[in-house]
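The values are calculated or read from the model by the stated rules, or taken from the named source; none is laboratory data. Since the structure is predicted, the reported quantities are computational estimates derived from the model, not experimental observations. Every residue, glycine as well, gets a Cβ built from its backbone with ideal geometry; the counts of neighbours run over all protein chains shown. Areas reflect the complete protein model, heavy atoms only, side chains present, ligands, DNA and RNA absent. Shrake-Rupley method; radii C 1.70, N 1.55, O 1.52, S 1.80 Å.
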Amino acid sequence: MTSRLNLKHLFSGLAMTATLAACEEAGTAGDEGVACPGGKCDAPTDPKDFACKSVSDRSGRGRPNVLAELTDPISQLVLRGGEGCPTTFRDVNKKLRTEDVKGCEGGGGAGVSTRTVTETGQYSGGKLLELFRVVTSRQCNGRQDFEILFSLFGPTKQALPSGVEIMAFDAEAKEFNYYTVEGGEWTFHGSSSDFVEGRSKERCGGCHSGGGLVMKELDTPWANWTGHFQTPGSTELINAFKDDLGTENSGADMENLTNSGNRAWTKTRVTRALDPKNGTVADLLRPLFCTVEINLDSAADFETSPVSGIPVDMFIDPQLRTFGSIGMKDDIYKEARTAAGYTVPGLDQADTFFKFMFVERSKSDNMYVDELRDRGVIDAGFVKDVLAIDMTRPVFSEERCGLLEFAPTFEELAASGEPDTTGGGGESDGGAESDGGSGNDGGAGNDGGAGTAGDSGDATTGVGGDSGSGDEGAPAGSGNCCVADPGRKGCENAEIQACVCTGVVGDSVCCDSNWDAICVMEAVQQCSASCPMGVGEDAEPALTAGPRATAATNAASIRAGFIANLKKANPTPDSPAGQLLANLENTDDVHEVRVNAFLQACEDRDERALMDDLFKIVTWQRELAYSQPVMEFQETMAKTNLSVPPSIRLDPATCVAK
């Protein structure tokens, strides 16, 4: 919850505007609609005054001067503000050491840390190293470590590449913005919402299919990252460029950074997805039904560890079973590995550095599902009902993904009855914990959503995007949410009110005492309220894009909508649609029994026969994983010489591949 004491002091006597807070006081008034986070409005908004006067816009937004809409630190401090336009990674850092110094007064690499990743450099004491990639963060001016990230490809102890990919968190829009510098030219590739809502799919949008940060090997042992194993040469590389790379950090730190950044973005992602302007109900639910992103896990946590079991994530979704493994002896694993012709391409290695790499359900997909459940959009029972379809394929299930054709529309939900003023029904517990499972790195099957792709153009030659909807809660009060009124409790938009008072913000004063200027600020900055004309005691602006259309989007109506559409289709009982209909209509939780029976069947199988089948499954996984842009290097996963049908899966009754 925001500290009201600090905010009262900060905003006392000020007439705020929704996105232009205290611009005049800062000395440079921003253009109407241009956001100035934290009252910092000294970054120019007129393209002729930008430090970088030519930034290519590939976001697909199709309007001029997109750069002025972006309030991340790269737009503010590097591209628009300050002196000179840097055209290399090292030049960007040099400018930031001038423009971004608070909290990093130590100079040089103060506030900077770097993590290394390599698919080849951990073998044979580093002798097989082909190249490093590094991810560098800059944590100054009170930012969190995920708010500026640089990704470099192919640095050496002799030189750093001039080109760089940059991910910068926009504290106003609460999403990431993605840039590249290549050949001295800047490109804005779009934001998280541009990627997810289908406006931009090229370059960064292909890998960041869920809109957030990507780390394929997100969980222990952080394969390919310095973590459980100190990668030879990584420390020397970073020490050679202390000013630009700072101090060395690990894969474990990269996991924490990735999760923190994606939690911040996931809240925005769900809020936007609840707004019909940004997509459909099928888009809203896609990460539950489909594989949007993937992660990689392994059967060994250390390079010298024998295989003693196969993690349960290989067999089933972590929403159905979070922890555990199926026993496997190391000698039997090696026999099956040899029989399958398992090798790392190009390296003459019999296994990946951490044995038996496989594809698992991503942390980002499950984090999104958890957020839907926490908001009451779906409940734990619905999650299990869906994931029970094609249960033994936790990733890449065409059968489960295809069931989105039966999703109700927002119009059908709105017409199904009065809004659920409890904010959604059903179970609120169960499923995986928000910190459980793995990963966030790239993936499959995100069909985008609504949004019209615009032509590429010049980002320096329009103002912010659509607002999303907030949480639903108690019935709305009265009065404009954009207007502070000490004599009023709450405001007239139920979703914005709930988000401020009991939801994301949790500022109960706004509903229990008075809807003051702080409540308005919280509505704008944290609940996607769009008040473009400003908010103040004497103003009467309209709250645009109010999320009333999503008022009926709750667990009960989602379930009922699917049931209605499935019944219309009259599916056969044994079809995926028929199975989902039966699951949704059955109020008894039978899934735990099925999960236990399946895993027990796997445990009871002859180990060699089971391992032979698992090599078949991982062969199928690898083929589909490498159809995704995020899988850039053949050495990431070992391959077999097996030929398997695309229909292969483990039988849920016998655990035998069929």
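Structure above, values below:
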item	result
Filter pass, VAL101 being more than 18 Å from SER193 (Cβ to Cβ), open to solvent by 40 Å² or more (accessible area, probe 1.4 Å) and aliphatic (A, V, I, L, M)	yes
ILE316 vs. criteria outside any loop (DSSP other than H, G, I, E, B), among the β-branched types (Val, Ile, Thr), over 21 Å from GLY227 (Cβ atoms) and open to solvent by less than 20 Å² (accessible area, probe 1.4 Å)	no
Any hit, region 300-311, residues being over 25 Å from PHE633 (Cβ atoms), outside any helix (DSSP H, G or I) and touching an Asp or Glu at 6+ places or on another chain (Cβ under 9 Å)	yes
Yes/no for LEU642 being in a loop (DSSP other than H, G, I, E, B), within 30 Å of GLN122 (Cβ to Cβ), aliphatic (A, V, I, L, M) and at pLDDT 95 or above	yes
Top-ranked residue in region 324-351 [being in contact with a Pro (Cβ under 9 Å, 6 or more places away or on another chain), open to solvent by 20 Å² or more (accessible area, probe 1.4 Å) and not in a helix (DSSP H, G or I); ranked as nearest to MET611 (Cα to Cα)]	LYS329
Test: residue in region 74-90 that is open to solvent by 70 Å² or more (accessible area, probe 1.4 Å), within 20 Å of ILE148 (Cβ to Cβ), in contact with a helix residue (DSSP H, G or I) (Cβ under 7 Å, 6 or more places away or on another chain) and at pLDDT below 95	no
Any chance LEU413 is at pLDDT below 95 and not in a loop (DSSP other than H, G, I, E, B)	yes
Some residue of region 618-638 being more than 27 Å from SER308 (Cβ to Cβ), of a type in the set (Ser, Thr, Tyr), open to solvent by 60 Å² or more (accessible area, probe 1.4 Å) and in a loop (DSSP other than H, G, I, E, B)	yes
Failed criterion for THR71 (all others in (1) part of a loop (DSSP other than H, G, I, E, B); (2) open to solvent by less than 40 Å² (accessible area, probe 1.4 Å); (3) farther than 25 Å from SER200 by Cβ hold)	(3)
Every residue from region 299-313 that is within 22 Å of ARG649 (Cβ to Cβ), over 22 Å from the mean Cα position of the chain (by Cα) and crowded, with 19+ Cβ neighbours inside 10 Å	ALA299, ILE310, PRO311, VAL312
Region 104-125, residues that are of a type in the set (Gly, Ala, Ser) and either more than 29 Å from ALA252 (Cβ to Cβ) or open to solvent by 50 Å² or more (accessible area, probe 1.4 Å) (or both)	GLY106, SER124, GLY125
Any chance VAL595 is hydrophobic (A, V, I, L, M, F, W, C), more than 28 Å from PHE382 (Cβ to Cβ) and crowded, with 20+ Cβ neighbours inside 10 Å	no
Matching residues, region 276-299, being under 18 Å from ASP374 (Cβ atoms) and in a loop (DSSP other than H, G, I, E, B)	none
Single residue of GLU165, GLU197 found to be open to solvent by 30 Å² or more (accessible area, probe 1.4 Å) and under 21 Å from GLN628 (Cα atoms)	GLU165
Unique residue being part of a helix (DSSP H, G or I), buried (at least 24 other Cβ atoms within 10 Å of the Cβ) and not β-branched (Val, Ile, Thr) when the list is ASN262, ASN256	ASN262
Any hit, region 274-294, residues being closer than 30 Å to LEU403 by Cβ, of a type in the set (Val, Ile, Thr) and open to solvent by 10 Å² or more (accessible area, probe 1.4 Å)	yes
Test: residue in region 126-140 that is in a strand (DSSP E or B), open to solvent by less than 20 Å² (accessible area, probe 1.4 Å), modelled with pLDDT of 95 or more and hydroxyl-bearing (Ser, Thr, Tyr)	yes
Cβ pairs under 8 Å, 6+ apart, first in region 85-101 and farther than 20 Å from ASP42 by Cα, second open to solvent by less than 50 Å² (accessible area, probe 1.4 Å) and small (Gly, Ala, Ser)	THR87/GLY184; THR88/GLY163; THR88/GLY184; PHE89/GLY163
Residue match in region 352-368 (condition: open to solvent by 30 Å² or more (accessible area, probe 1.4 Å), more than 22 Å from the chain's Cα centre (by Cα) and modelled with pLDDT under 95)	yes
Test: residue in region 570-592 that is under 26 Å from ASN295 (Cβ atoms), of a type in the set (D, E, K, R) and either open to solvent by 30 Å² or more (accessible area, probe 1.4 Å) or in contact with a helix residue (DSSP H, G or I) (Cβ under 8 Å, 6 or more places away or on another chain) (or both)	yes
So PHE146, is it assigned to a loop (DSSP other than H, G, I, E, B) and open to solvent by less than 10 Å² (accessible area, probe 1.4 Å)	yes
Boolean, PHE302 is more than 18 Å from PHE229 (Cα to Cα) and at pLDDT below 95	no
Matching residues in region 452-499 - criterion: being open to solvent by 50 Å² or more (accessible area, probe 1.4 Å) and modelled with pLDDT under 50	THR452, ALA453, ASP455, SER456, THR461, VAL463, GLY465, ASP466
Test result for GLY205, touching a helix residue (DSSP H, G or I) at 6+ places or on another chain (Cβ under 7 Å) and closer than 30 Å to THR304 by Cα	no
Per-region count, region 168-194, residues on the phi < 0 side of the Ramachandran plot, open to solvent by 10 Å² or more (accessible area, probe 1.4 Å) and small (Gly, Ala, Ser)	2
